[in-house]
1. Any residue at all in the stretch 92-103 that's part of a loop (DSSP other than H, G, I, E, B), free of Cβ contacts under 8 Å to residues at least 40 places away in the same chain, open to solvent by less than 80 Å² (accessible area, probe 1.4 Å) and closer than 26 Å to residue 5 by Cβ?
2. Quick one: what pairs do we get from the stretch 1-20, first residue under 15 Å from residue 77 (Cβ atoms), second in a helix (DSSP H, G or I) and open to solvent by 80 Å² or more (accessible area, probe 1.4 Å), C-beta under 8 Å, 6+ apart or different chains?
3. Filter the stretch 10-59 for residues that are in a helix (DSSP H, G or I) and open to solvent by 100 Å² or more (accessible area, probe 1.4 Å) and give the result.
4. Got a number for residues in the stretch 60-88 being open to solvent by 70 Å² or more (accessible area, probe 1.4 Å) and either assigned to a loop (DSSP other than H, G, I, E, B) or aliphatic (A, V, I, L, M) (or both)?
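The values are calculated or read from the model by the stated rules, or taken from the named source; none is laboratory data. What you see is a predicted model; the values in this text were computed from it and never measured. Positions of Cβ are generated from backbone atoms using ideal geometry, with glycine treated the same way; all protein chains shown enter the neighbour counts. In case anyone asks, the SASA skips ligands and DNA or RNA and just uses the protein heavy atoms, side chains included. Shrake-Rupley method; radii C 1.70, N 1.55, O 1.52, S 1.80 Å.
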Amino acid sequence: MTRPAMEVADIVRARGKPFLERFKASISYQVLKAFRAVGRCRTAALGGHKDKCVDCQYEAPISYNSCRSRCCPKCQAQERRRWLEAQQRDLINTNYSSPCPTN
């Protein structure tokens, strides 16, 4: 999977400080907490680890830890995908067309 050219975390890191200076008084604690989590996600601020293959001994570059915030689009993408797959498994195999004759 290729990394998109720009992510939400990139915007938060690039323009977050001026944004907070201007709007901090009107932002709730929960929003501020999520904002900071997204900005720190997958950076050295949260630490990191090295993955090593037990078969070939290949050692990947440092992987920075994620924030695991439910508000972070990057951290929750995989969880959202798993949830959607689970919901699709529960669907009955039928045509889910709209009962409205105009659709």
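1. No.
2. Here the result reads 7/74; 8/74; 9/74, each pair linking the stretch 1-20 to a residue that is in a helix (DSSP H, G or I) and open to solvent by 80 Å² or more (accessible area, probe 1.4 Å).
3. In the first step, residues of the stretch 10-59 are kept if they are in a helix (DSSP H, G or I); the result is 10-26, 29-40, 44-46.
Within the stretch 10-59, 13, 15, 17, 21, 22, 24, 25, 29, 30, 33, 36, 40 qualify.
4. Within the stretch 60-88, residues that are open to solvent by 70 Å² or more (accessible area, probe 1.4 Å) and either assigned to a loop (DSSP other than H, G, I, E, B) or aliphatic (A, V, I, L, M) (or both) number 6.
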